[in-house]
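To start, the structure under review is shown below, and the notes come after it.
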Ligand code: OOG
Ligand code: NI
């Protein structure tokens, strides 16, 4: 028997579209964010044809309109384990380990996302996935109670589990199975307003930490935001404010730059939702919010160390001379090189290499140019574009968690990364994002060398 399986990229796209339609219906603000981001992006591409050309050449223009990331928070190892298997059906794999306990949030996290170039360009849908760390709840009784509540929760429908198992056994899903899988898995991400715990339990969990109530009280890990990617977050934020949408005052991440790096994000407090507790008691809960982001160059370990150092400087000096945070950030980052050439020469960012038109013409002549990549760049046969950062930033994520938990509360936990425990729950290791970028860069260099060296020496 021959199978014709639906490509994982196609299942991921269907799922992200279904999620987007669901979230638009559940959180009206999300529709506003999409239209503002679409307008800003169209304007940026119209104003900057050179950027449009670069993105088109890199295959990145098409993905922009569909590009989203979401976030969920899980309650147990078993949930995380099954979630890994569900995402694998869609070609999404765990990348990176984020310890948020340092920021007073009792979770640790990974990002499920596609990893190879073609899959990223097809649809880079990612889900920041956090696991509650019950061991960080100090009150032993409350900890035991939360654990027991979660032990009886089933966040996946039987149909979803059946189709995950079938995909693993067969090596894929046919068209009909893929559609049923998407519909079944969507149930896990939906908002369920009927709490599994009574109002008094909710209050106790909430007093321990709002996030604990959010994870433990409900039937599933409702998707808490779905973020479109803008090419100009300052313009998008101004457009939001002009429409009266309350954005966070601060854009998380690096300051505005000529060559954007990493990730800049801002979030919007979204909705307070009605909750029905057993016995029909009514209450409310704030879980879901809006967020937009701008993505820039992925940094090498050296670039990232410089970024972390400058960010710490800016945060440490905040308010010291009456300057705003934006000013502190701009001052601190003045020393971070801001041209593609400097970022490449100083090995601060990762680059993808390809042939220019002159390089392609040279290949057609069959004449091999002397030297290596640097010489070919100088001669105009090859160009280097920064590789887009596909991951997250723990300091930004913590800021976003904090602002959307609805308060100024700060808890502190003894900082303790627990990657081994996380991976044990996951049932897999997380991939190292730096190794993925290094591979992408090395592959592109090899392709360029293969193209230019398979010929007679000039
Ligand atoms: C996740 C927050 C992290 C981001 O963009 O950094 C995140 C959460 O609030 O569950 O999505
Ligand atoms: Ni986010």
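Laid out as a table, the results:
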{"item": "Peptides ranked, highest mean first, by Cβ atoms within 10 Å: ranges 43-54, 67-78, 216-227", "result": "216-227, 67-78, 43-54"}
{"item": "Residues residue 250 and residue 147, FRET efficiency given R0 of 30 Å [Cβ-Cβ distance, rounded to 0.05]", "result": "0.25"}
{"item": "Principal-axis tilt of helix 28-47 within the chain, Cα atoms, nearest 10 degrees", "result": "10"}
{"item": "For peptides 103-115, 187-199, sequence by mean Cβ density within 10 Å, most packed first", "result": "103-115, 187-199"}
{"item": "Antiparallel content of DSSP bridges confined to the chain, in %, to 5", "result": "75"}
{"item": "Förster-model FRET efficiency, 22 Å R0, residue 207 and residue 273, C-beta, rounded to 0.05", "result": "0.65"}
{"item": "Relative packing of peptides 255-266, 278-289 - highest average C-beta neighbours within 10 Å first", "result": "255-266, 278-289"}
{"item": "Percentage relative contact order, the stretch 299-348, counting C-alpha pairs under 8 Å, at least six apart", "result": "48"}
{"item": "Spatial extent of the chain: Rg and Dmax, with the Cα atoms as the point set, Å", "result": "23.3, 84"}
{"item": "Sequence-separation-based contact order of the stretch 1-119, relative, with Cα cut under 8 Å and 6+ spacing, percent", "result": "22"}
{"item": "Structure-based [θ]222 nm, the chain - -39500 (n - 2.57) summed over DSSP H runs of at least 4, per residue, nearest 500", "result": "-15000 deg cm²/dmol"}
{"item": "More than 15 Å apart - percent of Cα-Cα pairs taken over the stretch 222-309", "result": "66"}
{"item": "The stretch 272-359 pair-distance distribution - Cα-Cα, 10 Å bins, rounded %", "result": "13, 25, 22, 16, 14, 7, 2, 0"}
{"item": "For the chain: relative contact order, % (alpha-carbon pairs under 8 angstrom, 6 or more apart)", "result": "19"}
{"item": "Fewest-first sequence of 339, 300 by Cβ atoms within 10 Å of each Cβ", "result": "339, 300"}
{"item": "All Cα pairs of the stretch 40-182, percent lying beyond 25 Å", "result": "46"}
{"item": "Antiparallel bridges, percent of DSSP beta bridges restricted to the stretch 57-160 (to nearest 5)", "result": "65"}
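Each reported figure results from applying straightforward, stated rules to the coordinates on display, with no laboratory input. Being a predicted model, the structure only gives us computed values, none of them experimental. Cβ atoms come from the backbone with ideal geometry, glycine included; neighbour counts cover every protein chain shown.
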